[in-house]
Ligand code: ADP
Ligand code: MG
């Protein structure tokens, strides 16, 4: 049975249907990447899954539970955005532990969780620094760390690396792959970067105008693109 299931998801803004009937089944532990041109609905679809937008049609199931009408806070998903707003006056440790503190988690448990996340993300030596004393890549890793400590059922990433320069992007991409190997958490990752998609994904979902053009492993998309659009988007020579 699918772990996360999208059934006929629809979304309109004004009179414009930006998500037009998305059906998708994601397995537990899978790393699924959404790709497609700017404006095709990647962020909107992720926000619908996160519960940050309400859908106009369709159903969402997580681990057998209908979460369509559950508020974001109850969905047990954690989202990492492109613009990682850290708290500037707090240390890395405080940034990463903030949500746990609000939830009144025991201090010893907080220490343990943040310590473990910091280790995975190579941030152990930076826990007492403030964000402005970090590189862009380190800041993005702190944003990911804030998601990890909550131990969500599903990670949602919206173009998390697009504000980084090329070298850092490559490095952080490797960190994300390692994170997924270590935690094995179900992940949906949005990008417009084919290299990121092809190197990170178990399966890639190609979107166009709010609809799915093709779903497949990176190899399947390379070898058997369903149509001209997918072929061009994935970069197969015509
Ligand atoms: P992507 O992330 O693939 O670039 P988006 O999901 O951000 O695309 O946007 C999909 C479409 O929905 C675009 O045409 C965009 O202008 C529109 N859109 C997104 N958010 C809103 C909103 N809050 N209000 C109105 N239109 C929106
Ligand atoms: Mg977007």
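No value in this document is a laboratory result; all are computed from the given coordinates. These figures come from a predicted structure and were not determined experimentally. FYI the Cβ positions are ideal-geometry reconstructions off the backbone, even for glycines, and counts take in every protein chain you see.
Can you sort 189, 87, 3 from fewest to most other Cβ atoms within 10 Å of each residue's own Cβ?
Numbers: 189 25, 87 13, 3 17.
Least to most surrounded, the residues fall as 87, 3, 189.
For a footprinting-style exposure proxy, rank 187, 124 by other Cβ within 10 Å, fewest first. Can you show the working numbers first?
Values: 187 23, 124 12.
So the residues, fewest neighbours to most, are 124, 187.
To the nearest 10 degrees, how steep is helix 166-183 against the longest Cα principal axis of the chain, on a 0 to 90 scale?
In the chain, helix 166-183 runs at an angle near 80 degrees to the longest axis.
Kindly give the semi-axes, whole Å and largest first, of the ellipsoid equivalent to region 120-207, taking each as the square root of 5 times a Cα gyration tensor eigenvalue. Could you put the intermediate results ahead of the total?
Numbers: eigenvalues 96, 51, 22 Å².
Calculated on Cα positions only, the semi-axes equal 22, 16, 11 Å.
Taking the radius of gyration and the Kirkwood hydrodynamic radius from Cα positions alone, what is the Rg/Rh ratio for region 1-77, to two decimal places? All intermediate terms of the calculation are to be shown ahead of the outcome.
Details: Rg = 12.1 Å, Rh = 12.8 Å.
Using only Cα positions, Rg/Rh for region 1-77 is 0.94.
Pairing the Cα long axis of helix 92-102 with the longest principal axis of the chain, what angle in degrees results, from 0 to 90 and rounded to the nearest 10?
80 degrees
Distances longer than 26 Å among the Cα atoms of region 17-138: what percent of all pairs is that?
Numbers: 2894 of 7381 pairs.
So the pairs more than 26 Å apart make up 39 percent of the total in region 17-138.
How would you rank 176, 110, going from fewest to most other Cβ atoms within 10 Å of each one's own Cβ?
Working: 176 24, 110 19.
Placing the least packed residue first, the sequence is 110, 176.
If you take the C-alpha gyration tensor of the chain, multiply each eigenvalue by 5 and take the square root, what semi-axes do you get, largest first, in whole Å? Present the calculation step by step, with values, prior to reporting the outcome.
Working: eigenvalues 186, 92, 49 Å².
Gyration-tensor ellipsoid for the chain: 31, 21, 16 Å.
Given the C-alpha centroids of region 71-142 and region 178-213, what is the distance between them in whole angstrom?
First find each Cα centre; the distance between them is then 23 Å.
Relative to the first principal axis of the alpha-carbon coordinates of the chain, what is the inclination of helix 136-148, with its axis defined by its Cα atoms, in degrees from 0 to 90 and to the nearest 10?
It works out to around 90 degrees.
Normalise the Cα radius of gyration of region 81-124 by 2.2 N^0.38 Å (N = residues in it) and let me know the number. Could you put the intermediate results ahead of the total?
Details: Rg = 10.8 Å, N = 44, 2.2 N^0.38 = 9.3 Å.
It is 1.17.
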